[in-house]
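A.B. asks: Starting off with a structure, shown below.
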Amino acid sequence: MIWDRKIECASRDEMHKIQSTRLNAMVERIYKHVPFYTKKLDEKGIKPGDITDVSQLQYLPFTEKNDLRDNYPFGLFTVPQEEIVRIHASSGTTGKPTVVGYTKHDIDIWTEVVARSLTMAHIGKHDILQIAYGYGLFTGGLGLHYGAERVGASVIPISGGNTAKQITLLEDFKSTVLACTPSYAAYLGEAIKKNQINPKHIALKTGVFGAEPWTEELRNEIQQLLSIEAFDIYGLSEVIGPGVSMECKHHCGNHIFEDHFIPEIIDPETLEVLPYGEIGELVFTPVSKEAMPLLRYRTRDLTRLHAETCACGRTLVRMEKCLGRSDDMLIIRGVNVFPSQIESILLEIPETSPHYLLIVSREKNLDSLEIQVEIAEAYWSDEIKDLENIRKKISNAVSSILGLTASIKIVEPQSIARSEGKAKRVIDNRKI
Amino acid sequence: MIIKQISVFLEDKSGRLTQITKILAQHDINITALSIADATDYGIIRMIVGRPELAQKVLKEQGIAVQLTEVACMVIPNKPGGLHAALQILTDHNINIDYLYAFADGNKASVVIRSASITEAISVLQKNKMKLLQTSDVYQI
């Protein structure tokens, strides 16, 4: 099943034309309305109108996550606030979140690409779709929601967590599709097994999983646990949210909806564009968005692209599963975490020193984050209640800023390695 | 009457306590009393030792988190109601105890008391004729 055959199976020439027209219009828009881009384009000597073909994309400046922070909160919006109908936010590299805005038209594009995605997994009006992605500032829940309604599925907006209720609804409502992070899917599968739920009471046949990297091993495990076919959906809020790319029945990489999100692969060191098939950093230009179109946004995800027509008939470029990151971002239970965020939280708390170590583990398919901290000498106490208060203070600050519960471990002073260069701040014991 | 207690923070790792007792032994420092408060993944050792300043210095040199805390050491009769009589005095004067540890030997018992208002605690105990140990009684035993 193909939602929009005209676009998804367009010839390379037709796609090229669509992209070129949209890129031209987008550059004009951002040059005119966003001072950040006026300056960047002027520096390169590029005038709006110069960019008439998508092949010229490589001459345009990049946008990085820090640029979003520097223009916090609405500095990169292309339209006045009256036209913004939705605002989402994800983690920034420091305490401030990364903010994204959508016009009515942008929400429509998003709905459309999610509709295409779900259709790729043969999801339609006969399905009951349980959305166990978080609803809220995170784009996962609401992102999936409208596209699922558009394909006519019956949507259950249960949101994340509350495993007992998830299982009850799976049994009672006979949900046929589960959408959540892959680690939560595995956790839910284990919980179903542990609670000795009769598999005949569960009607699931499809899973739509994303928001964190996952391996083929985890896919096999989830498929077995839940007796479903698992599909990978990829997205990031800076580009739009879930629905930037999606796997089809052939599971040979994610099809990128490149009429809206033009992909490139670059060498993260030299910033040169690399040919299809080579591993590098994925860069997107969300070319048709109105509220916040970004020029060449660096995702920091490492992967490669393939342009051959898929067995499903789609001509859309495919991306392989992400092989890692070109920065130090961690994805823990679907939440993006930068070590620098934790550092800035600790710097605000005088009782601790800014020396810390993050230990990420995965137990029973659920990620856990431990933050080891040292207590500043002036705040040393030989009373456990004082130390526990400090621990609570750190834990509360972390959970309110990251939206993630971390276990805080107080360690002996000077026990965290100091190094002159780049200190090793993260130990990731997960095998992703 | 204030006695200096040394407190050491230790992670819950095997061999850590032995490391402390080894350093103290090597420097000929005697431990008179000791108690351990344990939390989930760490503990705090509190000790009354001979030459507490030296103990603090040598432990610190080994990178150990050590702190001197002011406590009172009280001697009470080793009989029913002995501890109660002492504590009642503190309660009557609204003095809160943060922690205490005690041990009995023969017909006497020693109690180490830590309170945020330790000076006040000592003065009311003395006024009520409780026997408190002095520095010379406990150090270099």
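The values are calculated or read from the model by the stated rules, or taken from the named source; none is laboratory data. None of these values were measured; they are calculated from a predicted model. Virtual Cβ from ideal backbone geometry, glycine too; neighbours counted across all protein chains shown. What goes into the accessible areas is simple: the full protein's heavy atoms, side chains included, and nothing from ligands, DNA or RNA. Shrake-Rupley method; radii C 1.70, N 1.55, O 1.52, S 1.80 Å.
A.B. asks: If R0 is 22 Å, what FRET efficiency do you get for A:Y72 and A:D328 from their C-beta distance, rounded to 0.05?
C.D. replies: 0.60
A.B. asks: Then there's this: Between A:Y72, A:I197, B:M1, whose Cα lies farthest towards the positive end of the dipole of the protein assembly as shown when Lys and Arg beta carbons carry +1 and Asp and Glu beta carbons carry -1, centred on the Cα centre?
C.D. replies: Comparing the listed Cα positions along the dipole, B:M1 ranks first.
A.B. asks: On to the next question. At 1.4 Å probe size, with no ligands or nucleic acids counted, give the accessible surface of B:K79 in Å², nearest ten.
C.D. replies: B:K79 has an accessible surface of roughly 130 Å² with all protein chains in place.
A.B. asks: Here's a follow-up. Treating only the Cβ atoms of Lys and Arg (+1) and Asp and Glu (-1) as charged, compute the dipole magnitude of the protein assembly as shown about its Cα centre; round to the nearest 20 debye. Display every interim value, and only then the final one.
C.D. replies: Details: 64 positive and 72 negative charges, 235 e Å.
Dipole of the protein assembly as shown, to the nearest 20 debye: 1120 debye.
A.B. asks: Sort A:43-56, A:152-165 for me by packing, meaning the mean count of neighbouring Cβ atoms within 10 Å per residue, highest on top.
C.D. replies: Per-residue Cβ counts within 10 Å, averaged per peptide and sorted highest first, yield A:152-165, A:43-56.
A.B. asks: Treat every Asp and Glu Cβ in the stretch B:1-47 as -1 and every Lys and Arg Cβ as +1, leave all other atoms uncharged, and give the resulting dipole magnitude about the Cα centre to the nearest 20 debye.
C.D. replies: On the way: 5 positive and 5 negative charges, 32 e Å.
Using Cβ point charges on Lys, Arg, Asp and Glu, the stretch B:1-47 gives about 160 debye.
A.B. asks: Sticking with this one: Using the Karplus curve 6.51 cos²θ - 1.76 cosθ + 1.60 with θ = phi - 60°, what ³J(HN,Hα) values do you get for each residue of the stretch A:295-301, in whole Hz, with x for Gly and Pro?
C.D. replies: Couplings: 8, 6, 6, 7, 6, 6, 7 Hz.
A.B. asks: Label B:N30 and A:H251 with points 7 Å out from Cα along Cα→Cβ: what is the distance between them in nm?
C.D. replies: With each label point 7 Å from Cα toward Cβ, the separation is 7.4 nm.
A.B. asks: Using a 1.4 Å probe on protein heavy atoms, which residues of the stretch A:367-383 have at least 40 Å² less accessible area in the complex than alone?
C.D. replies: A:W380, A:D382, A:E383
A.B. asks: Moving on to the next point. In deg cm²/dmol and to the nearest 500, what is the mean residue ellipticity at 222 nm of chain A if only DSSP H runs of at least 4 residues count, each as -39500 (n - 2.57), divided by the residue total?
C.D. replies: Values: 11 runs with 133 residues, N = 432.
Value at 222 nm, helices only: -9500 deg cm²/dmol.
A.B. asks: Another question, then. What are the lysines whose alpha-carbon lies under 16 Å from the alpha-carbon of A:K205, with same-chain residues fewer than 8 places away excluded?
C.D. replies: Reachable lysines: A:K125, A:K174, A:K249.
A.B. asks: Of the options B:H27, B:A116, B:Q56, report the single residue whose Cα projects farthest towards the positive end of the charge dipole of chain B (beta-carbon charges: Lys, Arg +1; Asp, Glu -1).
C.D. replies: B:H27
A.B. asks: Counting Lys and Arg as +1 and Asp and Glu as -1, each charge on the Cβ, what is the dipole of the stretch A:1-326 about the Cα centre in debye, to the nearest 20?
C.D. replies: In debye, rounded to 20, the stretch A:1-326 gives about 660.
A.B. asks: Just the number, please: carbon plus sulfur as a percent of the accessible area of the protein assembly as shown, 1.4 Å probe, no ligands or DNA/RNA counted. Show your work: numbers first, answer last.
C.D. replies: Values: 12940 of 25420 Å².
The C+S portion of the solvent-accessible surface of the protein assembly as shown is 51 percent.
A.B. asks: Let me ask another. Got a sec? Which residues of the stretch B:50-97 lose 20 Å² or more of accessible surface with every protein chain in place, vs. that chain alone, 1.4 Å probe?
C.D. replies: B:K60, B:G63, B:A65, B:Q67
A.B. asks: Net charge near A:P350, counting Lys/Arg +1 and Asp/Glu -1 over other residues with Cβ under 14 Å of its Cβ?
C.D. replies: Result for the neighbourhood of A:P350: -4.
A.B. asks: Let me know the mean shielding of B:33-42 by other chains, meaning the per-residue number of their Cβ atoms within 10 Å of its Cβ.
C.D. replies: Average per residue, whole number: 3.
A.B. asks: Another question, then. May I ask you to order A:373-380, A:100-107 by the average number of other C-beta atoms within 10 Å around their residues, highest value first?
C.D. replies: A:100-107, A:373-380
A.B. asks: With a point put 7 Å past each Cα toward its Cβ, work out how far B:I97 is from A:R5 in nm, to one decimal.
C.D. replies: 8.6 nm
A.B. asks: On to the next question. So how much slack lies between A:K364 and A:A25, counting 0.36 nm per residue of separation and subtracting their Cα-Cα distance, in nm?
C.D. replies: Length gained between A:K364 and A:A25: 117.2 nm.
A.B. asks: When you look at the Cβ of every residue in A:48-61, what mean number of other chain Cβ atoms sits within 10 Å?
C.D. replies: 0
A.B. asks: Per residue of A:384-392, what is the mean number of Cβ atoms on other protein chains within 10 angstrom of that residue's Cβ?
C.D. replies: Details: counts 9, 4, 1, 5, 2, 0, 0, 3, 0.
So the per-residue partner count for this stretch is 3.
A.B. asks: Using a Förster radius of 51 Å, what is the FRET efficiency between A:K424 and A:E43 based on their Cβ-Cβ separation? Nearest 0.05, please.
C.D. replies: Calculated value: 0.90.
A.B. asks: Sticking with this one: Whole number in Å², please: accessible area per residue of chain A, 1.4 Å probe, ligands, DNA and RNA not counted. Show your work: numbers first, answer last.
C.D. replies: On the way: 18200 Å² over 432 residues.
The answer is 42 Å² per residue.
A.B. asks: To continue, here is another question. Taking the stretch A:301-432, how many lysine pairs are there with alpha carbons less than 27 Å apart, if each pair must be eight or more places apart or span two chains?
C.D. replies: Summing the qualifying lysine pairs gives 17.
A.B. asks: Hey, could you grab the Kirkwood Rh for the stretch A:332-428? Inverse mean 1/r over distinct alpha carbon pairs, Å, one decimal.
C.D. replies: Numbers: mean 1/r = 0.0721 Å⁻¹.
Kirkwood radius, the stretch A:332-428: 13.9 Å.
A.B. asks: For A:K65, list the lysines whose Cα falls under 16 Å from its own Cα; do not include residues on the same chain fewer than 8 positions away.
C.D. replies: Counting by Cα, and skipping residues close in sequence, A:K65 has these lysines nearby: A:K40, A:K96.
A.B. asks: Among the lysines, which have Cα under 23 Å from the Cα of B:K57 when same-chain residues fewer than 8 positions away are ignored?
C.D. replies: Those lysines meeting the cut-off are B:K4, B:K13, B:K22.
A.B. asks: Based on alpha-carbon centroids, what's the gap between the stretch A:277-324 and the stretch A:233-266 in Å, whole number please?
C.D. replies: Comparing the Cα centres of the stretch A:277-324 and the stretch A:233-266, I get a distance of 6 Å.
A.B. asks: List the accessible area buried at the contact between A and B, summed over both sides and calculated with a 1.4 Å probe, in Å² to the nearest 100. Before the final figure, lay out each step's value.
C.D. replies: Values: alone 19000 and 7950 Å², together 25420 Å².
When A and B are taken together, about 1500 Å² of accessible area is lost.
A.B. asks: With just the Cα atoms defining each centre, how far is the stretch A:105-148 from the stretch B:84-141? Give it in Å.
C.D. replies: The stretch A:105-148 and the stretch B:84-141 have Cα centres spaced 69 Å from each other.
A.B. asks: Continuing with the same structure: At a Förster radius of 41 Å, what calculated FRET efficiency corresponds to the Cβ-Cβ distance of A:Q414 and A:N162, to the nearest 0.05?
C.D. replies: 0.45
A.B. asks: Under a point spin-label approximation (7 Å from Cα along Cα-to-Cβ), what is the A:W380-B:D41 distance to one decimal in nm?
C.D. replies: In this crude spin-label approximation the distance works out to 2.1 nm.
A.B. asks: Right, here's the next one. Taking H placed 1.01 Å from N in the peptide plane, check which residues at least 5 places from A:V85 or on another chain put their amide H under 5 Å from its amide H.
C.D. replies: Answer set, sorted by chain and number: A:Y102, A:T103, A:K104.
A.B. asks: Excluding B:I76 itself, what net charge comes from residues whose Cβ is under 11 Å from its Cβ, given Lys and Arg +1 and Asp and Glu -1?
C.D. replies: Counting the neighbours of B:I76, the net charge comes to +3.
A.B. asks: OK, next. Could you do me a favour and compute the accessible area per residue for the stretch B:70-138, 1.4 Å probe, result in Å²?
C.D. replies: 55 Å²
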